[in-house]
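To keep things clear, I will list the structure first and then write my remarks on it.
Just so you know, all these numbers are worked out from the coordinates, no wet-lab data involved. Fair warning: this is a prediction, and the values are worked out from it, not measured in the lab. As a convention, Cβ positions derive from the backbone with ideal geometry for all residues, glycine included, and neighbour counts pool all protein chains shown.
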Amino acid sequence: MWKSMIRHLPAPVIVLGPDRRILVVSDKAAEVLQIDGSSIEEQDADVSLCLSTEHHRWVPGQDKIIDTRIGAVRIIFEVSHVRDQGLQFELTYLTVASVERSGQKLYERVERVHDVSDSDDQDWKAIQFSLLDELPAMIVAVSKDGRHVYQNARAHGTLGPIALASNGLDEWFNQQYKDARHPDGSVYLYQDLPLYKATINNIATDSVELYYGRYIFLLSGRPLYNKAGEHCGGVVFSHDVTEIRAEATKKEQIALRQSDVKFREITNSMEQIVWVSTSGSVDYFNRR
């Protein structure tokens with residue numbers, strides 16, 4: 001569903017996954033680039049869009065502008081990036097800023113500043129929030145002054161509705177995450193939470209493992225800034241890795257049992273073997 005929404009955006013946008021493959025191309029991007037968008041989806045962006053050269057390999061999260069060429073056509077992309085390796089949540093947005101051939105401008109993106117009706121603005125905000133609901137992570141954002149909180153649909157479905165405490169952010173964090181635990185079972189102090197650090201301390205945090213009831217989450221926090229560049233809050237991206245961890249544990253247990261069986265098969269085929277510990281007790285002996 002979210003890919004369909006991207007395709008119909010009025011902006012020339014291309015979305016890349018963490019492996020630098022093209023996930024979806026908006027119809028507008030296909031139009032201005034004069035390409036078949038569906039034909040390059042799932043392809044390597046470095047190859048299909050010539051994003052990297054022998055002189056420069058673009059770095060997600062660092063490069064804000066990519067100036068490249070596809071044949072005789074020069075393309076400038078504006079880059080925005082949401083990355084969280086621990087959460088397996090990594091999307092790169094390439095917005096076509098300009099296209100030119102032999103010095104002739106074929107396309108140049110112009111931001112609409114005027115003549116935007118309130119209804120258009122509300123429609124666009126609704127699309128933005130619906131996109132957040134489709135992302136494969138739980139998202140919770142809190143303003144620094146404690147007056148605003150946001151959670152996407154995935155967070156709402158897992159954690160339930162979130163309401164700010166009347167006694168301030170510290171009380172809210174303490175109540176909201178009072179059941180949070182470290183992997184060793186010890187209490188997770190709310191001051192160490194990625195969301196707290198992002199909201200209060202203006203610190204970004206990556207890949208923090210947190211146990212919450214029967215769930216296991218990987219969390220990453222990012223500070224939020226207003227248009228003036230001032231720190232105004234924080235957001236946390238949470239990925240439920242409960243099933244992944246359980247499956248990994250199951251595979252480890254199977255591998256251990258298989259290795260133990262193999263070890264016994266080998267040792268039982270050998271001459272008499274007895275293992276004795278330093279205390280004198282017999283730890284293992286084979287059939288012979």
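Between Ile216 and residues 5 or more places away or on another chain, which pairs have amide H atoms under 5 Å apart, with H built 1.01 Å from N, and which residues are they?
Close amide H contacts, sequence-distant or interchain: Val241, Thr242.
Going by average Cβ neighbours within 10 Å, how do the peptides 148-155, 232-239, 215-222 rank, with the highest at the top?
232-239, 215-222, 148-155
Past 22 Å, Cα to Cα: identify those pairs from Lys105/Lys227; Lys64/Lys227; Lys28/Lys105; Lys3/Lys28; Lys3/Lys227; Lys3/Lys144, in the order given.
Lys105/Lys227; Lys3/Lys227; Lys3/Lys144
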